[in-house]
Amino acid sequence: MLDRDTVNHVAQLAYLALDDEESSEMRLQLAQILDLFESLSLLQTDQVEPTARVIPLELPLRDDEVKPSLSQDQVLQNAPRIEDGHIVVPAVLTDS
Amino acid sequence: MTAHEASGLLRNREISSVELTEAVLERIGQVEPNLGAHISVTSDLAMKQANAADLAIQEGVVHSLCGIPIGLKDVLSTADVETTCGSRMLEGFVPPFDATVVGKLRGIGAVFTGKLNLDEFAMGSSTENSAFHVTKNPWDLTRVPGGSSGGSAAAVASYECMVSLGSDTGGSIRQPASFCGVVGVKPTYGRVSRFGLVAFASSLDQIGPIARDVEDAAILLEAISGGDSNDSTSLHVEVPNYCEVLGRSIEGLRVGVPVEYFGSGLDDDVKELVLKAIDQLADLGAEVVDVSLPHTEYALATYYLLAPAEASANLARYNGVKYGYSNLESVDVSDMMASSRARGFGEEVKRRIMLGTYALSAGYYDSYYLKAQKVRTLIRSDFDEVFQNVDLLAAPVSPSVAFSLGDRIDDPYEMYMSDAMTIPASMAGIAGLSVPCGFAEGLPVGLQMLGPALSEPTLLQAAYAYEQEAKILFKAPSLDV
């Protein structure tokens, strides 16, 4: 039920570069875990509301005030590549 | 010695925090090579905090955790201290801020002795998924300490700290506490701020205390609880004095025994000890009745859909751009992200991201994710119904004692099964704890108590009454080193 193409498609959606070996192992393990989920189809849930959170959530509001925040240095301190106060990534748009 | 005993000695000036902290650091030096409970030991920070605590104690009234050495699960952001989540992805990551709970403890003068090992991003039940090293069970070095807060439980059991903080998403505090013979509390969802807890599954994650006795757990829980404007899911409900209820009688307390937790798959030794503990609750005056939580068997499947789905979204932030591991050789941005994630994450994390992405993907959302959210409602309703008639539930924490290192690591399905008894309460967001109830094959067994939302005082009261009656008070593992 879980074919190689599906695994590769999901890996692409998840931005995970899997090699062939990882991909086949993942396919077997995921298939076994997905079998576990089949038991849920036995339950009749048409009239059941889904639970997304277990506590009532009110949208918290606050006054729009300027408050101290992290400094630029602190924000950038863990960035893998920085230049002139910016985070650097490989080119998003290329000629090819 | 417990934290509350140490606190008394500190305030009477019989010992100083510097002496206590030095003793703990020395203990870490002795046992750590065999145990592996820490990812990092923060000796310099600890000594600085201990000195400050001694000054504060000299000056007068202090919190009972002032000067007490505390270990932190390495999933809690700690300002200027490396916070790795047990992952190569965050190796070297130094957060510029404290998690709310860390800030609270810092504010009352606690001493941070180190960051404790865990399964990578808290995903696992044995701490074997840590990218750095495995942690061993202090009672038997060939066994796992449980997980994902395995380092937090092992460190407390082996006196590498007085108390610690863990986090529980599907049982990650209660199960290692049970395996290591210590007390672990999973508070009600929202009781403790999650700000600065690196997110795994946001609708389930909760921070809680691990301690050598119920009183210490109560003190630490009180110190970290409370609403927080930085966490919109935290409950702005007054924090009770958890120690006040300790020692009160449990006469007339209604205790439910969920029959589904005693079925096949439960080891006989564990069953016997848990039933004996329940008898002792009855001896203390509790009214014990059998109850049923009919959807228990579906909780595991529901959890392994919802938690990975939430994780796949939460872990999308690790893409090699703002922080974390980055493949610097890559010249294409998509390739950089995909290869950074492939190299930075371990097997279990990748497995769960794949599982979660699949469950959320077009064509499967209704049959998997939405279905699981609906079953989650049924699981919550089971608890709502039984709590109409009982004050709390008593059950095993895990179907077995600590299993051997390497036993289940290659079989994710088998590993997941070890969480079957802790997951339902996590799905419902209710309060729970594990308190030691004896030894089987020389290994600790925990009694799980579950109560409705915000029932922490009742749970702690019952656990304390049991602990005093059963006299299974903490004893240190021999840890022949």
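The values are calculated or read from the model by the stated rules, or taken from the named source; none is laboratory data. All values reported here derive from a predicted model rather than from experimental measurement. Positions of Cβ are generated from backbone atoms using ideal geometry, with glycine treated the same way; all protein chains shown enter the neighbour counts. For accessibility, only protein heavy atoms count, side chains too; no ligands or nucleic acids. Shrake-Rupley method; radii C 1.70, N 1.55, O 1.52, S 1.80 Å.
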Check: log10 I(q)/I(0), Debye, Cα-only segment B:141-193, no solvent, q = 0.12, 0.14, 0.20 Å⁻¹?
Finding: -0.23, -0.31, -0.61
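Normalised by the empirical 2.2 N^0.38 Å for globular proteins, what value does the Cα Rg of segment B:41-87 take?
The reported ratio for this selection is 1.35.
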Next item on the list: State log₁₀ I(q)/I(0) for chain B at q = 0.12, 0.13 Å⁻¹ as given by the Debye formula over alpha-carbon point scatterers of equal weight, solvent excluded.
Entry: -0.99, -1.18
Next item on the list: Please calculate how many Å² of accessible area segment B:297-375 carries per residue, with a 1.4 Å probe and no DNA, RNA or ligand atoms counted.
Entry: 34
Check: Restricting attention to the alpha-carbon atoms of the protein assembly as shown, what are Rg (one decimal) and Dmax (integer), both in Å?
Finding: 23.1, 79
Check: If you place +1 on the Cβ of every Lys and Arg and -1 on the Cβ of every Asp and Glu, how big does the dipole about the Cα centre of segment B:1-118 come out, in debye to the nearest 20?
Finding: 280
Item checked: Whole-Hz couplings from phi, Karplus 6.51/-1.76/1.60, listed for segment B:350-356; x for Gly and Pro -> 5, 4, 6, 5, 4, 4, x
Item checked: Listed residues B:Val239, B:Leu300, B:Leu116: farthest to the positive end of the dipole of the protein assembly as shown (Cβ charges) -> B:Val239
Check: Based on the Cβ-Cβ distance of B:Ser404 and B:Leu275, what FRET efficiency does E = 1/(1 + (r/R0)^6) give at R0 = 25 Å, to the nearest 0.05?
Finding: 0.45
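Nothing charged except the Cβ atoms of Lys and Arg (+1) and of Asp and Glu (-1): what's the magnitude of the dipole of segment B:348-460 about its Cα centre? Round to the nearest 20 debye. The partial results should precede the final answer.
Working: 8 positive and 13 negative charges, 87 e Å.
Around 420 debye, computed over segment B:348-460.
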Next item on the list: With unit charges on the beta carbon (Lys/Arg positive, Asp/Glu negative), name the residue among B:Ala211, A:Phe37, B:Thr377 whose Cα is farthest towards the positive pole of the charge dipole of the protein assembly as shown.
Entry: B:Ala211
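Taking each residue in A:13-25, count the Cβ atoms of any other chain within 10 Å of its Cβ, then average. What number comes out?
On the way: counts 8, 14, 15, 12, 11, 4, 1, 0, 0, 5, 1, 0, 2.
The per-residue average across the peptide is 6.
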Next item on the list: Run through every distinct alpha carbon pair of segment B:34-117 and return the Kirkwood hydrodynamic radius in angstroms, one decimal place.
Entry: 13.2
Check: Ignoring ligands, DNA and RNA, how much accessible area is buried between chains A and B, both sides summed, with a 1.4 Å probe, to the nearest 100 Å²?
Finding: 5100
Checklist line | Links that overshoot a 31 Å alpha carbon limit, given the list B:Lys104/B:Lys322; B:Lys104/B:Lys371; B:Lys136/B:Lys276; B:Lys115/B:Lys276; B:Lys115/B:Lys371; B:Lys271/B:Lys471 | finding: B:Lys104/B:Lys371; B:Lys115/B:Lys276; B:Lys115/B:Lys371
Item checked: Distance in nm between pseudo-label sites at A:Ile55 and A:Leu42 (7 Å out along the Cβ direction from Cα) -> 3.4
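Once the Cβ-Cβ distance between A:Asp5 and B:Asp332 is put in as r, and R0 is 30 Å, what FRET efficiency do you end up with, to the nearest 0.05?
Details: r = 23 Å, r/R0 = 0.76.
Efficiency at R0 = 30 Å is approximately 0.85.
Ranking request for peptides B:47-59, B:347-359: highest mean number of other beta-carbon atoms within 10 Å first, then the rest in descending order.
Highest-to-lowest ranking by the protection proxy: B:347-359, B:47-59.
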Notebook entry, point to check: What is segment B:422-472's relative contact order, in percent, from Cα pairs under 8 angstrom and six or more apart in sequence?
Noted result: 34
Item checked: Distant-in-sequence amide H partners of B:Ser130 (H built 1.01 Å from N, under 5 Å) -> B:Glu120
Next item on the list: Per residue of segment B:398-415, in order, report the coupling 6.51 cos²θ - 1.76 cosθ + 1.60 (Karplus, θ = phi - 60°) as ³J(HN,Hα) in whole Hz, putting x for Gly and Pro.
Entry: 9, x, 9, 6, 3, 8, 6, 4, x, 4, 10, 5, 8, 10, x, 4, 5, 4
Notebook entry, point to check: In debye, nearest 20: dipole of the protein assembly as shown around its Cα centre with unit charges on the Cβ of K, R (+) and D, E (-)?
Noted result: 640
Notebook entry, point to check: Could you give the nm distance between label points at A:Gln77 and B:Tyr413, where each point is 7 Å from its Cα heading toward the beta carbon?
Noted result: 4.7
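Does segment B:272-430 classify as rounded, prolate or oblate by the C-alpha gyration tensor (a ≥ b ≥ c root eigenvalues; a/c under 1.5 gives rounded; else a/b over b/c gives prolate, otherwise oblate)? Mind dumping the intermediate values first?
On the way: a/c = 3.11, a/b = 2.01, b/c = 1.54.
Taking the square roots of the gyration eigenvalues as a ≥ b ≥ c, segment B:272-430 is prolate.
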Notebook entry, point to check: Taking 1 over the mean of 1/r across every pair of different Cα atoms in segment B:297-375, what Kirkwood radius in Å do you get?
Noted result: 13.5
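With each run of n ≥ 4 DSSP H residues scored as -39500 (n - 2.57), what mean residue ellipticity at 222 nm is computed for chain B after dividing by its residue count and rounding to the nearest 500 deg cm²/dmol? Spell out each step's value before the answer.
Values: 15 runs with 180 residues, N = 481.
Estimated from H runs of four or more residues: -11500 deg cm²/dmol.
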Notebook entry, point to check: Once segment B:178-291 is represented by equal point scatterers at the alpha-carbon sites, with solvent omitted, what log10 I(q)/I(0) does the Debye formula produce at q = 0.22 Å⁻¹?
Noted result: -1.23
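Ranked from highest to lowest mean number of other Cβ atoms within 10 Å per residue, what is the order of the peptides B:453-461, B:404-412? Display every interim value, and only then the final one.
Details: B:453-461: 22.8, B:404-412: 15.3.
Ranking, from highest mean packing down: B:453-461, B:404-412.
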Note to self: On the Cα set of chain A, report Rg and Dmax in Å, please.
What the structure shows: 22.9, 59
Check: So who's got an amide H within less than 5 Å of the one on B:Ala440, skipping anything under 5 residues away but keeping other chains? H placed 1.01 Å off N, in plane.
Finding: B:Val445
